[in-house]
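The structure appears below as structure tokens.
The values are calculated or read from the model by the stated rules, or taken from the named source; none is laboratory data. It should be emphasised that the depicted structure is a prediction, and the values quoted were computed from it without experimental measurement. Note that each Cβ is placed from the backbone with ideal geometry, even for glycine, and that neighbours are counted across all protein chains shown. Note: accessible area is taken over every heavy atom of the protein model, side chains too, but ligands, DNA and RNA are not part of it. Shrake-Rupley method; radii C 1.70, N 1.55, O 1.52, S 1.80 Å.
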Amino acid sequence: AQTVTQSQPEMSVQEAETVTLSCTYDTSESDYYLFWYKQPPSRQMILVIRQEAYKQQNATENRFSVNFQKAAKSFSLKISDSQLGDAAMYFCAYKYNAGNMLTFGGGTRLMVKP
Amino acid sequence: DSGVTQTPKHLITATGQRVTLRCSPRSGDLSVYWYQQSLDQGLQFLIQYYNGEERAKGNILERFSAQQFPDLHSELNLSSLELGDSALYFCASSVGAGVGLQETQYFGPGTRLLVL
């Protein structure tokens with residue numbers, strides 16, 4: 001079974017600084033996808049960024065980028081120029097290509113200090 | 001706004017009761033997924049429906065059931081409720097059956113269920 005681990009329950013960052021959230025996963029599959037979802041206090045789950053395992057190039061979406069290390073089964077999220085609105089729970093998720101379900105990590109609570 | 005709607009937003013009920021949660025997928029999406037988010041279990045996949053048919057099943061209790069109707073909205077029925085069923089229940093939708101990256105799942109705002 002696939003597992004996703006987020007080893008940092010909480011992180012804090014100063015506004016305008018950069019922070020990196022860690023995620024590791026365990027799978028025997030070679031074709032899969034990885035996602036970061038953001039859950040603000042409103043509890044809505046918002047897709048931040050996604051990565052195809054077959055792509056070596058790291059995904060980027062504005063201030064959000066990932067560092068995907070397939071051999072190490074690591075998928076970290078970097079948030080640049082942190083803003084107060086970035087404060088939220090962040091969940092790393094895995095999806096096997098031929099599968100249907102998302103497997104989530106336990107989440108990292110990010111606090112942004114003004 | 002993801003385009004996925006869920007009703008009600010909040011639900012308070014008593015143990016032993018039955019409730020129905022409703023989800024409308026994004027326009028054009030054929031798959032609906034249900035997830036449970038609780039403090040002790042985290043986010044867990046419950047079940048998926050694709051175009052009216054059950055497609056995948058996760059850690060869904062026998063007391064829980066779901067269905068997807070011809071207009072593609074879905075309902076999650078929770079019966080004989082227990083205190084431990086208190087959680088946030090999310091619905092997500094995707095375009096097709098769920099295979100591949102184009103099947104990114106977009107989440108609704110969730111229904112918060114409190115069982116007293």
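Of note:
- Residues of region A:90-114 that are small (Gly, Ala, Ser) and either on the phi < 0 side of the Ramachandran plot or free of Cβ contacts under 8 Å to residues at least 40 places away in the same chain (or both): A:93, A:98, A:99, A:105, A:106.
- When we screen A:48, A:112 for residues that are within 13 Å of chain B (Cβ to nearest Cβ) and crowded, with 18+ Cβ neighbours inside 10 Å, the only hit is A:48.
- The set of residues from region B:71-86 being more than 15 Å from residue B:54 (Cα to Cα), open to solvent by less than 10 Å² (accessible area, probe 1.4 Å) and not in a loop (DSSP other than H, G, I, E, B) comprises B:78, B:85.
- Matching option when the condition is touching a Leu at 6+ places or on another chain (Cβ under 8 Å) and either at pLDDT below 95 or among the β-branched types (Val, Ile, Thr) (or both), among B:32, B:4, B:99: B:32
- Matching option when the condition is more than 11 Å from every other protein chain (Cβ to nearest Cβ), under 20 Å from residue B:88 (Cα atoms) and hydroxyl-bearing (Ser, Thr, Tyr), among A:90, A:37, A:94: A:90
- Tabulated pairs, region B:4-29, first within 12 Å of residue B:106 (Cβ to Cβ), second among the charged types (D, E, K, R) and open to solvent by less than 70 Å² (accessible area, probe 1.4 Å), C-beta under 7 angstrom, 6+ apart or interchain: B:4/B:26
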